[in-house]
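Scroll down for the structure; my scribbles are underneath it.
The values are calculated or read from the model by the stated rules, or taken from the named source; none is laboratory data. Since the model is a prediction, treat every value here as computed from it, not as a measurement. FYI the Cβ positions are ideal-geometry reconstructions off the backbone, even for glycines, and counts take in every protein chain you see.
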Amino acid sequence: MSSIPISFSQRARHSVEAPISYLMEQGISNPDIISLAAGLVDQESLPREEIAEAISHLWKDPRRAKDALQYGTTPGHHALRGKIADRLRDMDRHALKGTMNADDRHPATAGRIVLGTGSQQLLYILAEVLLDPGDIVLGSAPGYFVYMGALASFGARIIPIDTDAGGMNLDHLESTLVDLERSNLLARVKFIYDVTYFNNPTGLSLAADRRRPLVELAERWSKTHRLLVLEDAAYRELRYHGNDEPSLLAYDPEGERVIYAGTFSKPLAPGIRTGYIIAPDDLLEQVIRQKGHHDFGSASLNQQLVLEMLESGAYDRHLATLRKVYSAKLAGMLDQLDQELGNERDRVRWTMPEGGLYVWMELPTSLSTTMDSSFFQHALSSGVLYVPGNFCYPDTDAGAPRHCLRLSFGHQSIDRCREGVTRLAGVIRQHLPSS
Ligand SMILES: Cc1ncc(COP(=O)(O)O)c(C=O)c1O
């Protein structure tokens, strides 16, 4: 390697290696380790046969088959976008138990949707079109750390907003905006980011009575420019208990300020790499322009497959199976936590999600779970991996809690989830301060 250094861009210099890569590597390279860290989905239930059927059906129609092998448009397959819009409107109407508002208006239309290579690509492009170095994003904390890393690569400042059992704390959000206005920084606040259903990492959702107020808050604080809300709904369809809640979109009938990001990765297969956003028209135009620079459209074949599965009903059938699979895994993990640590409930707490793929644990504050802690090393040598909770806060947040951890029940079998919890509980018991 030459001794003369390469002169990297600001973006590259702001990008740090994702901490999760080490954890993924450990989990994959050592089969004796039970990784409750990996964000992979359930392997057994991946819809191999259903996809084969969808391809075979698609291939019977030479025109569709050839279209699937051709370049598509930058925003993506029109019929799929229409199908997604219909589905979202139906979901919201159903969640609201009837009509949306006086005129039954909803911003989801095919024309307001762009399909991407996973929703991650579109989240990234949104950052690209909205953020300059020094701009501010207000994000629920703990939150989705992969996106925090992407935002940081743009030189953006992520200000963490507290969360509780009902998700993002709107009082804290508002007081943060008041402080920013006092410091003359309101013009730098570009959007609010929240995973509104079964957040990664807490598994908790934004409470029903905070949804409309969040959209109204964004409207109220659109003083120097339109303050946007990015609603990441990656886990919405993975609900195992309770009823669906309306999206923030349902409270933005004109489609002015809410961006809704969805994905087929979790409910279908991440290998299909198909996600989408619904966004205000003027924003979407910019997103499509940037996406044109990236790839002038995501894989047509994958979009056709998703469409085929939605149309044939295979998607909904698969989702029903998946809900049963994950529901059983979640129940197994929670039951094992209860068996192992139920009598430590005053010192060790965990969330009881109604969906998603994660459980969030809080240990006594004196007990560090960070990657350089003896607790982490002990867990590793006991053959279990978790995501240290401090990763789920912006790394500029010096006060971020260091006593939490994220457990995922997505990838491991029920037995391995249970065994992983047993190993972890052994480590926790040994590290708990003697009472
Ligand atoms: C909250 C959240 N949003 C977005 C994504 C991106 O998923 P994909 O790009 O596969 O759609 C993930 C992936 O884990 C996620 O957890």
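Given A110, A95, which one is out of contact with any Leu (no Cβ under 9 Å at 6 or more places or on another chain), in contact (Cβ under 8 Å) with a residue 24 or more places away in the chain and either over 25 Å from H225 (Cα atoms) or buried (at least 22 other Cβ atoms within 10 Å of the Cβ) (or both)?
A95
Among the residues of segment 252-297, count how many are under 23 Å from G39 (Cα atoms) and of a type in the set (S, T, N, Q).
Going through segment 252-297 one residue at a time, the tally reaches 3.
Within segment 169-190, identify whether any single residue is within 16 Å of the ligand (Cβ to nearest atom) and out of contact with any His (no Cβ under 8 Å at 6 or more places or on another chain), and answer yes or no.
no
Report the residue count in segment 1-37 for those that are assigned to a loop (DSSP other than H, G, I, E, B), at pLDDT 85 or above and touching a helix residue (DSSP H, G or I) at 6+ places or on another chain (Cβ under 8 Å).
The number of residues fulfilling the criteria is 3.
I'd like to check something: does segment 88-99 contain any residue that is within 16 Å of the ligand (Cβ to nearest atom), under 28 Å from G143 (Cα atoms) and under 26 Å from the mean Cα position of the chain (by Cα)?
Yes, the conditions are met somewhere in segment 88-99.
For segment 216-251: of the residues being assigned to a helix (DSSP H, G or I) and over 16 Å from L96 (Cα atoms), which is farthest from the ligand (Cβ to nearest atom)?
R220
Within segment 265-289, count every residue that is under 24 Å from V129 (Cα atoms) and either of a type in the set (V, I, T) or in contact with a Leu (Cβ under 9 Å, 6 or more places away or on another chain) (or both).
11
Six or more apart or on different chains, Cβ atoms under 6 Å: show the pairs whose first residue is in segment 253-271 and over 18 Å from I125 (Cβ atoms) and in a loop (DSSP other than H, G, I, E, B) and whose second is among the polar types (S, T, N, Q) and more than 10 Å from the ligand (Cβ to nearest atom).
P253/N101
Quick check, is A110 within 12 Å of the ligand (Cβ to nearest atom), among the small types (G, A, S) and on the phi < 0 side of the Ramachandran plot?
Against the criterion (within 12 Å of the ligand (Cβ to nearest atom), among the small types (G, A, S) and on the phi < 0 side of the Ramachandran plot), A110 does not qualify.
Would you confirm, using the coordinates I've provided, whether V421 is buried (at least 17 other Cβ atoms within 10 Å of the Cβ), in contact with a Lys or Arg (Cβ under 9 Å, 6 or more places away or on another chain) and under 20 Å from G342 (Cβ atoms)?
Judged against the criteria, V421 is not a match.
Pick out the one residue from L58, L126 that is among the aliphatic types (A, V, I, L, M) and either within 15 Å of the ligand (Cβ to nearest atom) or assigned by TED's automatic domain parsing to the domain that holds D232 (or both).
Being among the aliphatic types (A, V, I, L, M) and either within 15 Å of the ligand (Cβ to nearest atom) or assigned by TED's automatic domain parsing to the domain that holds D232 (or both) holds for just one of L58, L126, which is L126.
Check Y315, Y326 and return the single one that is in contact (Cβ under 8 Å) with a residue 40 or more places away in the chain and touching a helix residue (DSSP H, G or I) at 6+ places or on another chain (Cβ under 8 Å). Explain how you work it out, then say what you get.
Values: Y326 fails: touching a helix residue (DSSP H, G or I) at 6+ places or on another chain (Cβ under 8 Å).
Matching residue, one of Y315, Y326: Y315.
Any idea how many residues of segment 312-368 are closer than 22 Å to H411 by Cβ and assigned to a strand (DSSP E or B)?
Of the residues in segment 312-368, 6 are closer than 22 Å to H411 by Cβ and assigned to a strand (DSSP E or B).
Would you list the strands (runs of 3 or more DSSP E) that sit entirely within segment 126-208 and hold 1 or more residues that are without any contact (Cβ under 8 Å) to a residue 24 or more places away in the chain? Give the steps one after another, and end with the answer.
Numbers: elements: 136-141, 157-164, 189-195.
Once the strands (runs of 3 or more DSSP E) in segment 126-208 are filtered for at least 1 residues that are without any contact (Cβ under 8 Å) to a residue 24 or more places away in the chain, what remains is 157-164.
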